[in-house]
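Shown next, in structure tokens, is the structure this report addresses.
Readers should treat all values here as calculations from the given coordinates under stated rules, not as data from a laboratory. Remember, predicted model here, so these are calculated numbers, not experimental data. Note that we place each Cβ from the backbone using ideal geometry, even for glycine, and neighbour counts take in every protein chain shown.
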Amino acid sequence: MITINCSGLNCPEPVLRTREALSKYPDSAISILVDNETARENVLRFVQKQGRVASWIKDGNTIIISIEEDRATTKNTDTIPDKKPLTTEKPVILLTTNLLGQGSDELGAILMRSFIYTLTRSEVLPSAIILMNSGVRLAVNNANTQDELTELINRGVKVLVCGTCLDYYGLKDILKSGEISNMYDISALLLNADKVITV
């Protein structure tokens, strides 16, 4: 069995590494190790969308997700509804700040970095990213997003979200409606929107 250790990694890295493992070892059973519930939910949701079966157990602080072959449901507790992504023209993304969302500036910076990193790993890319207002700070020297923006440019992008938030504010247990998502799913939705998206 192939084992991928994603403990200590922030969203969306566990999902991205799971995607890589499924692509590299399509006929193998795979274990994904994570250390928090958000990562577990995000990986299970992604695995289900790939038409694979996954179960999980907890061993101390480690959650072991075992991915089997050739079935399209996720078992062992939570059932996560399948969603069909919309496919439309590539969007233009407008970033008017170096922070994503309102509330904690520290969290806003983390989420924006995660958002841009996720774009560099997406199979579908936006046609353009426009930087305005404090969003220009994302492209200056020593910015922690500069390498990702350069990679997007090299891939043809014209450079002109989430469970992490709930965990940060300690609100996950009182979520009443809606679906806990992750940067991978949110960016996929943004990328399939036939419109300009302002973040």
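Tabulated data for the structure shown
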quantity	calculated
Fraction of beta bridges assigned by DSSP in the stretch 2-67 that are antiparallel (%, nearest 5)	75 percent
At R0 = 30 Å, FRET efficiency that the Cβ-Cβ distance of Glu68 and Lys90 yields, to 0.05	0.30
Per-residue HN-Hα couplings for the stretch 149-160 [Karplus 6.51, -1.76, 1.60; θ = phi - 60°; Hz; x = Gly/Pro]	5, 5, 4, 5, 4, 5, 8, x, 7, 7, 9, 10
Packing-based order for 109-120, 148-159, using average beta carbon neighbours within 10 Å, highest first	109-120, 148-159
For the stretch 43-52, Karplus couplings with θ = phi - 60° (6.51, -1.76, 1.60), whole Hz, Gly/Pro x	5, 4, 4, 5, 4, 4, 5, 8, x, 10
Additional length obtainable on full extension of the chain from Val140 to Ser28, 0.36 nm per residue less Cα span	36.0 nm
Residue-by-residue Karplus 3J(HN,Hα) for the stretch 112-120, coefficients 6.51, -1.76, 1.60, Hz, glycine and proline x	5, 4, 4, 4, 5, 4, 4, 4, 5
Nearest-0.05 FRET efficiency for Glu123 and Asp59, computed from C-beta distance (R0 25 Å)	0.15
